[in-house]
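Okay, structure first, notes after.
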Amino acid sequence: MKYKKNILAAPYVLWSALFIIIPLCMIFYYGLTDKSGAFTMENILAIASVGHAKALWRSLLLSLISTILCFLLAYPLAMILAGKKGNQTGFIILIFILPMWMNFLLRTLAWQTLLEKTGVINGILSFLGLPPLRIINTSYAIVLGMVYNFLPFMVLPLYNALAKIDENIINAAKDLGANKIQTFFRIILPLSVPGIISGVTMVFVPALTTFVISTLLGGSKVLLIGNVIEQEFTQASNWHLGSGLSIVLMIFIIINMLVTALLEKE
Amino acid sequence: MKFAKKIYVALIFLFLYAPIGTLIVLSFNASKTRSKWGGFTVKWYVSLFQDETILQALGMTLLIALLSALAATVIGTISCVAMNNMKRRTRAVLMGVTNIPMLNADIVTGISLMLLFISFGLRFGFGTILLSHITFNIPYVILCIMPKMKQFNPSVYEAALDLGASHITAFFKVMLPDLAPGILSGFLMAFTMSLDDFIITHFTKGAGIDTLSTKIYTEVKKGIKPEMYALSTIIFVTVLVLLFLVNAAPDKKQDAVL
């Protein structure tokens, strides 16, 4: 019987070898060779060139800021939702999954309409007599786009972690004389760490690697590392360089995973 | 405090739904440019159904979402059954591989599949998009089914075997009903992910074939056709209504019981 069941695993084992493992190996192959097929580190070291390093630095900075903003916005929201009685899953799905059914490119583009010089938000601001917002085609607009697109990925794991916390533990802390702030920092926050970790990963990685948000809201003035890689593949057709830069990107993703894994252990 | 909480939730709600509201308003905008309001019209809804290219892209998007979600659900379900019987270490390795497409950046997944298809000499088009979508959908399906699998009591399955059921009968009559909620949510998740994907499709599609996402992306520079706003409004409202119906249905049953 065991033998029979292992045959069942065959389709997926084959599939994942063919479409997950081999493709990754191909990136490493292309990234570590030049056009003649000889081994080279050049494609990876190309990250140090001024333009690439700048794009990478900007990506790291913007994705870090977006992750922090997402966390700060999502945590209170997740606490409010988790504090409600009964199962809130239906409501949460309504809020966060529903927008996904409207194409994300269109939703992001809609921010252009909202943020433009003569856009909706500036219309409201001038009506209220406030100075206009000039953030379209800047890094600020990109951060806003990242927070907008990836906020749900932060809220959902935080909500799951917070909803699991036993009410009795919090009540016990209160009984033992902890005030609200102490309860939060010594009980709630530590217990929600698994949620924080998966939330941070799910926001940081797509934000670090996006090329769409920067194209749509950065007005092709602000290049991120994702844009550089995308252009190497679709316009410059330099797959070797593109793969090399992708390897660098993966290194940062792995660093992020290691850091979060270490935090989880503590 | 309660008031402050409500305001906070409302503000986040506004932040998430302001762009959607904008798109809905734009779909009724008579002026072709995004930045001007030219009066109310439904003409884009009419011309949408005469626009071959948009309808084609819509059909392609739905077809790929449906086929990839179905294939991923079947493969995912079978492999969950198989993984449940594996040795701990083998299972951990396979789960680790499963996590790669979820943890890795979409752009890297897209590029890696593109390189694979190129070196296999596959013609870029419907087939390559479908293969890629199945690949990134399987992990979501597995993730949805695995918790149900862990809750499943193997003794029940063995009891069915003892009572003379074949493995196939036991699977369909005993195990499948228990896994069904996980399988369904896995399918829906895969369908949604496929529908909303742009990045991986961007790298694995060939010339002359478009899903809604890639079509919108190529239109960004020329200006989005207003018919696109009309289409996404229709999709959005349809899903909203469906969700309300689905959410309302079980409540009624409970009321009836009470």
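The values are calculated or read from the model by the stated rules, or taken from the named source; none is laboratory data. The structure presented is a predicted model; accordingly, all values stated were derived computationally and were not measured. As a convention, Cβ positions derive from the backbone with ideal geometry for all residues, glycine included, and neighbour counts pool all protein chains shown.
So the values come out like this:
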read-out: Any chance A:Thr118 is surrounded by 15 or more Cβ atoms within 10 Å (Cβ to Cβ), among the hydroxyl-bearing types (Ser, Thr, Tyr) and either free of Cβ contacts under 8 Å to residues at least 24 places away in the same chain or in contact with a strand residue (DSSP E or B) (Cβ under 9 Å, 6 or more places away or on another chain) (or both); value: no
read-out: Residue match in the stretch B:17-38 (condition: small (Gly, Ala, Ser) and in contact with a Leu (Cβ under 7 Å, 6 or more places away or on another chain)); value: yes
read-out: 3 or more residues hydroxyl-bearing (Ser, Thr, Tyr) and either surrounded by fewer than 21 Cβ atoms within 10 Å (Cβ to Cβ) or in contact (Cβ under 8 Å) with a residue 40 or more places away in the chain (or both): qualifying helices (runs of 4 or more DSSP H) within the stretch B:142-209; value: B:176-196
read-out: Flag if A:Tyr140 is within 19 Å of A:Ser220 (Cβ to Cβ) and modelled with pLDDT of 85 or more; value: yes
read-out: The stretch B:106-132: number of residues that are surrounded by fewer than 23 Cβ atoms within 10 Å (Cβ to Cβ) and either hydroxyl-bearing (Ser, Thr, Tyr) or not in a helix (DSSP H, G or I) (or both); value: 6
read-out: Subset of the stretch A:53-83 [surrounded by 20 or more Cβ atoms within 10 Å (Cβ to Cβ) and either not aliphatic (A, V, I, L, M) or not in a helix (DSSP H, G or I) (or both)]; value: A:Ser59, A:Ser63, A:Ser66, A:Thr67, A:Cys70, A:Tyr75
read-out: Condition met for A:Lys180 (surrounded by fewer than 14 Cβ atoms within 10 Å (Cβ to Cβ), within 12 Å of chain B (Cβ to nearest Cβ) and either touching a helix residue (DSSP H, G or I) at 6+ places or on another chain (Cβ under 9 Å) or in contact (Cβ under 8 Å) with a residue 40 or more places away in the chain (or both)); value: yes
read-out: Hits in the stretch B:229-245 - residues which are within 9 Å of chain A (Cβ to nearest Cβ) and more than 21 Å from B:Arg34 (Cα to Cα); value: B:Thr238, B:Val239, B:Leu240, B:Leu243, B:Phe244
read-out: Total residues in the stretch B:72-99, condition within 22 Å of B:Phe187 (Cβ to Cβ) and either in contact (Cβ under 8 Å) with a residue 12 or more places away in the chain or outside any helix (DSSP H, G or I) (or both); value: 14
